[in-house]
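Inspection log for the structure reproduced underneath, given as structure tokens.
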Amino acid sequence: MKIVVIVGPTGVGKTKLSISLAKYLDAVVMNADSMQVYRGLNIGTAKIKEEEKEGIKHYLFDICDVCDNYNIYEYQKDGRELLEKFKKENQNVIIVGGSGLYIKSLLYDYQFQDEKINDNYDNIANEKILAEIKKDHETNIHVNNRKRLIRELNKIKNDTIIKSDIHKKLYDFTIIGLDTNRDKLYEIVNKRVDEMVLEGLVSEAKEFYDKGINSKAIQTGIGYKELYKYFKGEITLEEAIELIKKNTRHFIKRQYTFFKHQMEVNWVSVDFDNFENTIKEAIQIIDKDNGMIENKIS
């Protein structure tokens with residue numbers, strides 16, 4: 001089994017490269033974007049469309065509802081179950097996404113608390129447990145549903161790494177990072193946000209707002225939290241769109257910082273005029289790491 005990880009900032013072409021490399025390696029694709037796990041958050045997360053998958057199997061996309069508090073602990077568990085399955089089947093895997101800590105927790109020795117009902121809550125009232133949860137995110141769990149309340153609070157606590165050897169790799173893999181001029185990337189992102197608005201981003205967000213949904217995914221998701229301010233009358237639509245662009249630029253800076261300091265990345269400069277050159281360079285890196293000499297690209 002070969003594992004190739006594609007990282008890089010928002011808007012740089014990770015999805016496009018993942019399809020090409022999946023074809024090259026006869027691989028499946030696994031999501032490593034913390035927002036693309038949620039059903040319904042499509043336009044704002046630039047989630048791959050069905051027709052863009054070109055028949056390639058994709059995993060860990062659309063696996064939970066927006067109101068769920070899906071966390072890094074659950075991603076690690078789900079992702080490793082898949083990797084072990086693919087390992088037994090000798091199935092090559094492309095992992096693609098911009099959530100660096102999700103990727104590291106999947107592939108390195110990150111350890112979390114076991115998720116279980118905690119007996120220490122025996123003398124704590126449901127109202128206090130609910131208040132503790134709401135410090136982290138909004139929830140629709142009823143105050144009388146004690147079992148779900150405790151489970152949700154444990155999920156929040158499981159976001160904390162309690163033991164790890166963050167330098168110990170659990171799998172053999174190659175990381176390819178897509179890079180480009182920062183000004184060029186910001187220009188692409190600004191255009192991309194405008195295109196998202198034309199595709200229906202406002203309507204997508206409004207549907208959740210009208211249902212009274214203000215979950216952790218909405219509160220943290222760029223493109224949604226800004227539009228909620230518009231729906232509440234706090235800012236204009238134009239201001240919301242500019243805020244989305246600004247927050248995306250800030251997010252890109254954080255992504256670059258993580259990838260360049262926390263991961264061993266083979267960086268490829270993206271050729272936006274001829275993306276085929278980017279694909280070829282990525283394949284050369286994969287072939288070199290795997291001792292392959294045959295170039296299958298057509």
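The values are calculated or read from the model by the stated rules, or taken from the named source; none is laboratory data. All of these numbers come straight from a predicted model, not from anything done at the bench. Backbone-built Cβ (ideal geometry, glycine too); neighbour counts: all protein chains shown.
Consider ILE241 carefully, then state whether it is assigned by TED's automatic domain parsing to the domain that holds ILE188, touching a Ser or Thr at 6+ places or on another chain (Cβ under 7 Å), surrounded by 14 or more Cβ atoms within 10 Å (Cβ to Cβ) and assigned to a helix (DSSP H, G or I).
no
Got a sec? Which of GLU132, GLU138, GLU152 is modelled with pLDDT under 90, closer than 23 Å to ALA240 by Cα and not assigned by TED's automatic domain parsing to the domain that holds LEU17?
After applying the criteria, what remains is GLU138.
What are the residues in the range 22-40 that are out of contact with any Gly (no Cβ under 6 Å at 6 or more places or on another chain), of a type in the set (A, V, I, L, M) and crowded, with 22+ Cβ neighbours inside 10 Å, if any?
ALA22, ALA27, VAL29, MET30, VAL37
For a quick check of your reading: which helices (runs of 4 or more DSSP H) sit entirely within the range 59-150 and have at least 2 residues that are farther than 27 Å from ILE218 by Cα?
So the answer is 72-89.
Would you mind telling me which numbered condition in (1) assigned by TED's automatic domain parsing to the domain that holds ILE175; (2) surrounded by 14 or more Cβ atoms within 10 Å (Cβ to Cβ); (3) acidic (Asp, Glu) GLU84 fails?
Exception for GLU84: condition (2).
Determine whether ILE6 is in contact (Cβ under 8 Å) with a residue 40 or more places away in the chain, of a type in the set (Val, Ile, Thr) and either closer than 17 Å to LEU107 by Cβ or outside any loop (DSSP other than H, G, I, E, B) (or both).
yes
Identify all residues within the range 9-43 that are part of a helix (DSSP H, G or I) and under 17 Å from PHE272 (Cβ atoms); write none if there are none.
LYS14, THR15, LYS16, LEU17, SER18, ILE19, SER20
From the residues in the range 39-74 that are modelled with pLDDT of 95 or more and among the aromatic types (Phe, Trp, Tyr), which one is farthest from the chain's Cα centre (by Cα)?
Ranking the qualifying residues of the range 39-74, first place goes to TYR59.
Is it the case that the range 254-267 has a residue that's of a type in the set (A, V, I, L, M), surrounded by 13 or more Cβ atoms within 10 Å (Cβ to Cβ), within 14 Å of VAL7 (Cβ to Cβ) and assigned by TED's automatic domain parsing to the domain that holds ASN181? Show your work before the answer.
Of the range 254-267, the ones of a type in the set (A, V, I, L, M) are 263, 265.
Right, trim to surrounded by 13 or more Cβ atoms within 10 Å (Cβ to Cβ) and you get 263, 265.
Among the residues that remain, those that are also within 14 Å of VAL7 (Cβ to Cβ) are: 263, 265.
Keeping just the survivors that are assigned by TED's automatic domain parsing to the domain that holds ASN181 gives 263, 265.
For the range 254-267, residues of a type in the set (A, V, I, L, M), surrounded by 13 or more Cβ atoms within 10 Å (Cβ to Cβ), within 14 Å of VAL7 (Cβ to Cβ) and assigned by TED's automatic domain parsing to the domain that holds ASN181: present.
Just give me the residues in the range 188-205 being assigned to a helix (DSSP H, G or I) and closer than 15 Å to LEU227 by Cβ, in sequence order.
Result: VAL193, ASP194, MET196, VAL197, LEU198, GLU199, LEU201, VAL202, SER203, GLU204, ALA205.
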